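Peer 1: Let me give you the structure first, and then I'll get to my questions.
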Amino acid sequence: MATDHADQTGIKYEEEFIKNPRGLKLFTCKWLPENRDPKALIFMCHGTGMRLAKEGYEVHGIDYEGHGKSSGLQGFVPSFKNIIDDCFEHFVSVCEKGKNKNKARYLLGESMGGAVALLLHRKQPSFWNGAILVAPMCKIADELKPHPMVISILSRLSNVFPTWRIVPMQDIIDVAFKSMEKRQEIRANPLCYKGRPRLKTAHQLLMVSLEIEKNLNQVSLPFLIVHGGDDIVTDPSVSKLLYDTALSKDKTFKLYPGMWHALTSAEPPESIDLVFSDIIAWLDERTLTSSEHLRSSEMEQKAMHDGLLSGKNI
C-alpha cells in the first residue's frame, strides 16, 4: 500500500509499506521535488529529507525493524546484519528503476544511521557515490558505555533474555538534544522508543561499533562528516580518526564548536542552517562533477559509435 501527497513547498511526499524476506512490514518513504528532475538520489539511514528535497534531491528513507512504523518489537534489534540487508535491498531496488539508473546515489546516516551507512558501504564499496555522516556512531562514547565487567555479563545474558530492558544507560534525550522543545516532542512521540536498551539490541550496537572502529581505515568512498564539538553521545574524536585514517581521497570533516549530538534538528535555527548549507554545498559540488562525468562518458561513447559507423561507410 502506498500513499502520497504534495504540500505548498513544492515537495512531494510518498510513503509505502514493503515486506522483507523475514515477512516483516517495513515503512518506507520518500521526498522529491515537484516539477523538476532530481539532481541525485539520497538514501537516509536516519533523519528527514525535507530540507534536501527543497534543494532538488530525491530522498528515500526506511524505518528499521522494531523502529518507527515498521513491524517488530519496539526497540529490539535481534541482528544488525538484518538491518543492513533490509536497507540495501530497498535502496538498490530504487536505484534499479529505469529513471534512476544514471543518477548519482549518496548515503546519509545520522548517529546509529552513520554506522548503517558505513556498513552499507562495506557491503558494496563501489556502489555509492558518497556519504554524509552526521555525528556517526563509530564507537560508543566512553561516558555512555557500561563498565567492561557489566558488558561481559550483559553479552552472555543477551542470548538468554534478549528482549529484557535492563541495560544501565544515561538518558539519551537529555544529553543528545539541546532544544527543550525537541526533547518534549520526542518524549510525546509514541513511535520513538524511550526505554532502556534491550539486551540483544545493546549487544548488537556494541559489537557493530567495535567492528566499525576496527575497520575505519577501510572506508574508501567520498564522505563528509559533520559533528558537534560538545557531543557526548557519539565521540567527535572518533569521527576525526575516521577522517585521518580512511582510504578515501575525497573526504571532509567539519566540527561545530558548542553543538551537541542532534546538530540537524535540536540546535538554534541559525546553527541548523549552517550545517545544512555545508551538507548541500558538498552534495552540489559532487553531483555537478558526477553529472559532467556522466555526460562526458556518454559523449565519448557517442563519438566512438559514430566513428565505427563512419568506418563502415568507407
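Peer 1: Please work out which residue is surrounded by the most Cβ atoms within 10 Å (Cβ to Cβ), limiting yourself to segment 171-188 and to residues that are touching a residue at least 12 places away in the same chain (Cβ under 8 Å) and in a helix (DSSP H, G or I).
Peer 2: So the residue we want is Ala176.
Peer 1: Let me ask something else. Restricting attention to segment 101-110, does a residue exist that is surrounded by fewer than 15 Cβ atoms within 10 Å (Cβ to Cβ) and of a type in the set (S, T, N, Q)? Please lay out each step first, then the result.
Peer 2: Within segment 101-110, the subset surrounded by fewer than 15 Cβ atoms within 10 Å (Cβ to Cβ) is 101-102.
Now narrow it down to the ones that are of a type in the set (S, T, N, Q): 102.
Yes: segment 101-110 contains one or more residues that are surrounded by fewer than 15 Cβ atoms within 10 Å (Cβ to Cβ) and of a type in the set (S, T, N, Q).
Peer 1: Additional query: Quick test for you: out of Leu133, Leu210, Leu206, pick the one residue that is within 23 Å of Ala262 (Cα to Cα), in contact with a strand residue (DSSP E or B) (Cβ under 9 Å, 6 or more places away or on another chain) and surrounded by fewer than 15 Cβ atoms within 10 Å (Cβ to Cβ).
Peer 2: Leu210
Peer 1: Working only within segment 8-40, note down all residues that are under 20 Å from Leu107 (Cα atoms), part of a loop (DSSP other than H, G, I, E, B) and touching a residue at least 12 places away in the same chain (Cβ under 8 Å).
Peer 2: Within segment 8-40, Pro38, Lys39, Ala40 meet the criteria.
Peer 1: Please indicate, with yes or no, whether at least one residue in segment 158-170 is within 19 Å of Lys200 (Cβ to Cβ) and assigned to a helix (DSSP H, G or I).
Peer 2: Scanning segment 158-170, I find no residue that is within 19 Å of Lys200 (Cβ to Cβ) and assigned to a helix (DSSP H, G or I), so the answer is no.
Peer 1: Which condition from (1) out of contact with any Leu (no Cβ under 6 Å at 6 or more places or on another chain); (2) assigned to a loop (DSSP other than H, G, I, E, B); (3) in contact (Cβ under 8 Å) with a residue 60 or more places away in the chain is the one that Gly56 breaks?
Peer 2: All conditions pass for Gly56, except number (3).
Peer 1: Shifting gears a bit: Among Leu255, Leu216, Leu191, Leu241, which is the only one that is under 18 Å from the mean Cα position of the chain (by Cα) and either in contact (Cβ under 8 Å) with a residue 24 or more places away in the chain or over 29 Å from Gly66 (Cα atoms) (or both)?
Peer 2: Checking each option against the conditions leaves just Leu216.
Peer 1: Can you tell me which of Phe43, Phe88 is crowded, with 22+ Cβ neighbours inside 10 Å and either touching a Lys or Arg at 6+ places or on another chain (Cβ under 8 Å) or free of Cβ contacts under 8 Å to residues at least 24 places away in the same chain (or both)?
Peer 2: Phe43
Peer 1: Right, here's the next one. Assuming Ser155 fulfils every condition listed in (1) polar (S, T, N, Q); (2) farther than 22 Å from Ser237 by Cα; (3) modelled with pLDDT under 90; (4) out of contact with any helix residue (DSSP H, G or I) (no Cβ under 9 Å at 6 or more places or on another chain) apart from one, which condition is it?
Peer 2: It fails just one condition, (4).
Peer 1: Can you name the residue in segment 6-59 that is touching a strand residue (DSSP E or B) at 6+ places or on another chain (Cβ under 7 Å) and of a type in the set (Ser, Thr, Tyr) and is also nearest to Phe223 (Cα to Cα) among such residues?
Peer 2: Tyr57
Peer 1: Here is a further query. Looking at segment 189-198, which of its residues are over 21 Å from Ala135 (Cα atoms), modelled with pLDDT of 90 or more and surrounded by 12 or more Cβ atoms within 10 Å (Cβ to Cβ)?
Peer 2: Selection gives Leu191, Arg198.
Peer 1: I want to confirm something. Restricting to segment 275-303 and keeping residues that are within 21 Å of Ile42 (Cβ to Cβ) and among the polar types (S, T, N, Q), which single residue is modelled with the highest pLDDT?
Peer 2: Ser277
Peer 1: Name, by its number, the condition in (1) more than 20 Å from Met44 (Cβ to Cβ); (2) surrounded by 15 or more Cβ atoms within 10 Å (Cβ to Cβ); (3) free of Cβ contacts under 8 Å to residues at least 12 places away in the same chain that does not hold for Ile272.
Peer 2: (1)
The values are calculated or read from the model by the stated rules, or taken from the named source; none is laboratory data. Only a predicted model underlies this, so the values are computations on that prediction, with no experimental measurement involved. Positions of Cβ are generated from backbone atoms using ideal geometry, with glycine treated the same way; all protein chains shown enter the neighbour counts.
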